[in-house]
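Working notes, beginning with the structure itself.
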Amino acid sequence: MKPIAGALTLALAASASGTAVAQDWSGEGELGFVATDSETTSSDTLTLKARVGRETERWRHTAKAEALYAESENEEGISSKTADRFFASWKTDRKLGEKHYIYGLINYETDGVLDLDYRVNESVGYGIRLLRGPKHILDTEIGVGARQTKINDVREDEGVLRLAADYRYNISDAAHISEEISVEHGSESTITRSITGLSAKIQDNLASKISYSYQHVDTDGDTTNESILAVTLVYSF
């Protein structure tokens, strides 16, 4: 399933990118330096990220992809290059008015640091845009779904309750702060993710960005934490 799911998500991302100009899609790509820290390894590496989206009167579509390639050192001091993480997602919102919407979301990820063969999440739910002014934008969501996880060749399937919030503060025309947080509570594990970013425009289509990502996984009291600090250049189109 891992190669198939990866191929499908890459195909979706490529398809969206290929039709960006023709169908009024917009997006951004990131390239930069990353420092990661987990309970088993630490590494310094480069990161590649891409995000494309399209919004119409009734629909909003967003596709994301992220890849890390790391030079890692384990507890024994042995270094090796490996693709630590791959993440891809697709989200579609159906607007029900100016504030309310329903959504469908699917994401796929792997993580060599955490011995995660794959994790797939599918969810549907309800969202509301609590703030929509020129300075502040805040979306909150609640949904239900399913999660399939395979770690060290052992697979678990479970139902999931999802809570999420997406906030953006426009400091000025040239800078903004963003915060994305989600909690996915399942019968086997609870996963909390947070991504905080500060972006500053350098030129019309080029910006610098500092971001901090944190993930906490709680499985029957056994917890795993991973953090990623990234400094990137962002090209928007």
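The values are calculated or read from the model by the stated rules, or taken from the named source; none is laboratory data. Since we're looking at a predicted model, the values are computed, not measured. Positions of Cβ are backbone-derived with ideal geometry, glycine not excepted, and every protein chain shown enters the neighbour counts. Accessible surface areas use protein heavy atoms only, side chains included; no ligands, DNA or RNA. Shrake-Rupley method; radii C 1.70, N 1.55, O 1.52, S 1.80 Å.
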>> Cross-link candidates for Lys49: which aspartates and glutamates have Cα within less than 15 Å, leaving aside residues fewer than 8 places away along the same chain?
In response: Glu28, Glu30, Glu66, Asp84, Glu109
>> On a 29 Å Cα-Cα criterion, which of the cross-link pairs Lys91/Lys209; Lys95/Lys150; Lys150/Lys209 come out too long?
In response: Lys95/Lys150; Lys150/Lys209
> Asp220 accessible area, nearest 10 Å², 1.4 Å probe?
Replying inline: 130
> Ordered by packing density, taken as the mean number of other Cβ atoms within 10 Å over each peptide's residues, highest first, how do 147-154, 206-213 rank?
Replying inline: 206-213, 147-154
>> Let me cross-check Glu66: its accessible surface, 1.4 Å probe, with only protein heavy atoms counted, in Å² to the nearest 10?
In response: 40
> What shape does the range 108-172 have by the C-alpha gyration tensor, where a ≥ b ≥ c are the square roots of the eigenvalues, rounded means a/c under 1.5, and otherwise prolate means a/b greater than b/c and oblate the rest?
Replying inline: oblate
> Amide H neighbours of Leu116 under 5 Å, counting only residues 5+ apart in sequence or on other chains, H built in-plane at 1.01 Å?
Replying inline: Asp111
>> Which residue, Thr149, Ile171, Ser194, has the largest displacement toward the positive end of the dipole of the range 117-237 when charges sit on each Cβ (Lys, Arg +1; Asp, Glu -1)?
In response: Ile171
> So what's the Cα pair-distance distribution over the range 194-237, bin width 5 Å, in %?
Replying inline: 6, 20, 20, 15, 13, 9, 7, 5, 3, 1
>> For the range 123-184, what does the accessible surface come to per residue with a 1.4 Å probe? Please give it in Å².
In response: 56
> With all protein chains present, how much of the accessible area of the range 190-237 (probe radius 1.4 Å) comes from carbon and sulfur, to the nearest whole percent?
Replying inline: 58
>> Students often forget the sequence filter, so: which aspartates and glutamates lie under 15 Å Cα-Cα from Lys135 once same-chain residues fewer than 8 apart are removed?
In response: Asp166, Asp173, Glu179
